[in-house]
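Here's the structure we're looking at; comments come further down.
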Amino acid sequence: METNTTVLLTVEQGVATITLNRPEAMNAYNQELVDGLTKSLQVIKSDRSIKAVVITGNGKAFTAGGDLGHLLSLTDPISARGFIASVGQVVTLIMSMEKPVIAMVNGVAAGAGFNMALACDIIFCAKSARFAQSFSKVGLVPDCGGLYLLPRVVGMHKAKELMFTADLIDAETALSLKIVNKVVEDTELKEVTYKFAARLAQSAPIALGLIKTMINRSDNLDLESTLELEANLQTICMQTQDHKEGVAAFKEKRVPVFQGK
């Protein structure tokens, strides 16, 4: 499946892959790319046969963030705000869909590209990958959810340092800051990522979706509210066929086959 030439969407064995496809521009965001990304995510969100998602870039970059030429063309506040809001909608779609989303960071992830990766549930990156909150270098503030997401990952003071300086950090530094889950040799990135995606695609989708939703909301919940929601959600899960299948598979010492029911 394809949405447009700047964003490619394929599905294989329950795993959807979104590939940003402007390699000549380091997969930078213009309106066409953002629209294609949005449509791809909407298709994935509504397709129950898709169990896991991988987002990556074609060429040497994951994405360099906003296309500066496109940003300069937005000469009035209405069009400028509309574009940035549409970029933000990408984050909303990634974080609200009840499916695990893996960022396979194959190269530079800068600006909004860095922040889109943060919006994903898991980040695997190539050893050659680099990350930068590059906004201040061009007189901008972070967007694509960065002001919300980065402090929750690295803490307030480190987030300020990365955003104030716009310094480029390497993959090992990103791992030490808990920005990424795993650093992989460039030649092994695809194999490792898709092996993990396949594992998630075979997991219990109702349970994974509820886990994602709850963790993404956890900053806004106190312990009492969390315990109440856990009781409610666990009661729902206990009535599913997936739970019964999981218990049966455990007793029979076999791999469970979950159906999302």
Single condition LEU33 does not satisfy, out of (1) part of a helix (DSSP H, G or I); (2) surrounded by 19 or more Cβ atoms within 10 Å (Cβ to Cβ); (3) touching a residue at least 40 places away in the same chain (Cβ under 8 Å); (4) not hydroxyl-bearing (Ser, Thr, Tyr): (3)
Pull up region 4-30, narrow it to residues that are hydroxyl-bearing (Ser, Thr, Tyr) and not in a loop (DSSP other than H, G, I, E, B), then point me to the one that is surrounded by the most Cβ atoms within 10 Å (Cβ to Cβ). TYR29
Flagged in region 169-180 as surrounded by 14 or more Cβ atoms within 10 Å (Cβ to Cβ), out of contact with any strand residue (DSSP E or B) (no Cβ under 7 Å at 6 or more places or on another chain) and part of a helix (DSSP H, G or I), in numbering order, are THR173
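State whether one or more residues within region 27-35 are at positive phi and either of a type in the set (A, V, I, L, M) or at pLDDT 95 or above (or both).
Step one: filter region 27-35 for residues at positive phi, giving 27.
If we keep only those that are either of a type in the set (A, V, I, L, M) or at pLDDT 95 or above (or both) as well, we get 27.
Yes: one or more hits.
Take the conditions among the β-branched types (Val, Ile, Thr) and outside any helix (DSSP H, G or I) and apply them to ILE211. Does it pass?
No, not satisfied.
Within region 36-49, work out how many residues are among the hydroxyl-bearing types (Ser, Thr, Tyr), farther than 15 Å from THR63 by Cβ and in a helix (DSSP H, G or I). First the steps, then the outcome.
Within region 36-49, the first condition is being among the hydroxyl-bearing types (Ser, Thr, Tyr), and the residues that meet it are 38, 40, 46, 49.
Then drop every residue that is not farther than 15 Å from THR63 by Cβ, which leaves 46, 49.
Next, from what is left, pick out any that are in a helix (DSSP H, G or I): 46.
The total comes to 1.
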Which of the numbered conditions does ILE44 fail, given that it passes all the others? Conditions: (1) under 25 Å from ALA174 (Cα atoms); (2) open to solvent by less than 20 Å² (accessible area, probe 1.4 Å). (1)
Quick check on my filter: what residues within region 181-206 are over 17 Å from VAL53 (Cβ atoms) and surrounded by 15 or more Cβ atoms within 10 Å (Cβ to Cβ)? VAL183, VAL184
Looking only at region 58-79, decide whether some residue is within 21 Å of GLY209 (Cα to Cα), of a type in the set (A, V, I, L, M) and out of contact with any Gly (no Cβ under 8 Å at 6 or more places or on another chain). no
Among (1) touching a strand residue (DSSP E or B) at 6+ places or on another chain (Cβ under 7 Å); (2) of a type in the set (A, V, I, L, M); (3) in a loop (DSSP other than H, G, I, E, B), the one test that VAL255 misses: (1)
Output for region 207-229, where each listed residue is open to solvent by 40 Å² or more (accessible area, probe 1.4 Å) and not hydrophobic (A, V, I, L, M, F, W, C): THR213, ASN216, ARG217, SER218, ASP219, ASN220, ASP222, GLU224, SER225, GLU228
Residue pairs within 8 Å by beta carbon, gap of at least six or interchain, first lying in region 139-155 and farther than 13 Å from VAL91 by Cβ, second β-branched (Val, Ile, Thr) and in a loop (DSSP other than H, G, I, E, B), listed first then second, are VAL153/ILE179; VAL154/ILE179
Quickly run through region 100-138 and pick out the residues that are basic (Lys, Arg) and out of contact with any helix residue (DSSP H, G or I) (no Cβ under 6 Å at 6 or more places or on another chain). ARG130, LYS137
What helices (runs of 4 or more DSSP H) completely inside region 70-168 contain at least 3 residues that are open to solvent by 10 Å² or more (accessible area, probe 1.4 Å) and out of contact with any strand residue (DSSP E or B) (no Cβ under 9 Å at 6 or more places or on another chain)? 77-96, 146-154, 156-165
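The values are calculated or read from the model by the stated rules, or taken from the named source; none is laboratory data. Predicted, not measured: the structure shown is a model, and the values here were computed from it. Here Cβ is always computed from backbone atoms with ideal geometry, including for glycine, and neighbour counts include all displayed protein chains. Heads up: the accessible areas ignore ligands, DNA and RNA and are worked out on the full protein's heavy atoms, side chains in. Shrake-Rupley method; radii C 1.70, N 1.55, O 1.52, S 1.80 Å.
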